[in-house]
């Protein structure tokens, strides 16, 4: 994994601790150095400080998500403002920690994200015929097919689209509970967003991002629908196998 932290002492503490836990870790102090490191090797997780000199962490998170869709991103900030957390999630971060944090908690979050970002097989599936009977691990949605085994979406033309770790977790959770309204509170408790209170917009933001990928018309969703006063429901004609 790659630690992007400009404060030398904090960078040293993090890299030493994570290395002692058996993780392969390197560290840089700026966005420019991060890009150079990525040109040499792409890690599975980037631990990204928000308050970097020059280009801030939010801009870098957006850049990372656009170029490395499967990369795990954990943002670190000294701010406690909920707006910062929401912006971080909206730019594509998978998780968010606030300084000062317990290194054991950070390690647990990293390990959880590592499990969720396991690379799928390189062979991409072909687009199934609309009338075809799908394998158990594939779920037909409005604008695509969700391959739960390979952790990606397959369009009508056979083109594949990767999912971030948090997008996969949320969509897979909906597939396990199809045609049932799920409350925001329950979704928050069950997904990796459990550290955010039920009044914030983190689930709404994640659903919006998912709709852009799975719906033919995200403004008028057919698969992932809003249930007023409750939350959301995934409508499936042929429910997925849990």
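The values are calculated or read from the model by the stated rules, or taken from the named source; none is laboratory data. None of these values were measured; they are calculated from a predicted model. Positions of Cβ are generated from backbone atoms using ideal geometry, with glycine treated the same way; all protein chains shown enter the neighbour counts.
Could you tell me whether residue 200 is outside any strand (DSSP E or B) and either crowded, with 20+ Cβ neighbours inside 10 Å or at pLDDT below 90 (or both)?
yes
Please work out which one of (1) modelled with pLDDT of 80 or more; (2) within 22 Å of residue 206 (Cβ to Cβ); (3) surrounded by 14 or more Cβ atoms within 10 Å (Cβ to Cβ) is the condition residue 108 fails and give its number.
The one condition residue 108 does not meet is (3).
When residues of the stretch 26-69 are filtered for being in contact (Cβ under 8 Å) with a residue 24 or more places away in the chain, within 16 Å of residue 91 (Cβ to Cβ) and in a loop (DSSP other than H, G, I, E, B), how many remain?
The qualifying residues number 6.
Among the residues of the stretch 142-193, how many are crowded, with 18+ Cβ neighbours inside 10 Å, without any contact (Cβ under 8 Å) to a residue 24 or more places away in the chain and either assigned to a helix (DSSP H, G or I) or not assigned by TED's automatic domain parsing to the domain that holds residue 223 (or both)?
Counting residues in the stretch 142-193 that are crowded, with 18+ Cβ neighbours inside 10 Å, without any contact (Cβ under 8 Å) to a residue 24 or more places away in the chain and either assigned to a helix (DSSP H, G or I) or not assigned by TED's automatic domain parsing to the domain that holds residue 223 (or both) gives 1.
Which one of these does residue 13 not meet: (1) out of contact with any helix residue (DSSP H, G or I) (no Cβ under 7 Å at 6 or more places or on another chain); (2) under 17 Å from residue 71 (Cβ atoms)?
That leaves (2) as the condition not met.
Does at least one position in the stretch 80-100 carry a residue that is modelled with pLDDT under 85 and over 21 Å from residue 202 (Cβ atoms)?
Checking the stretch 80-100: at least one residue is modelled with pLDDT under 85 and over 21 Å from residue 202 (Cβ atoms).
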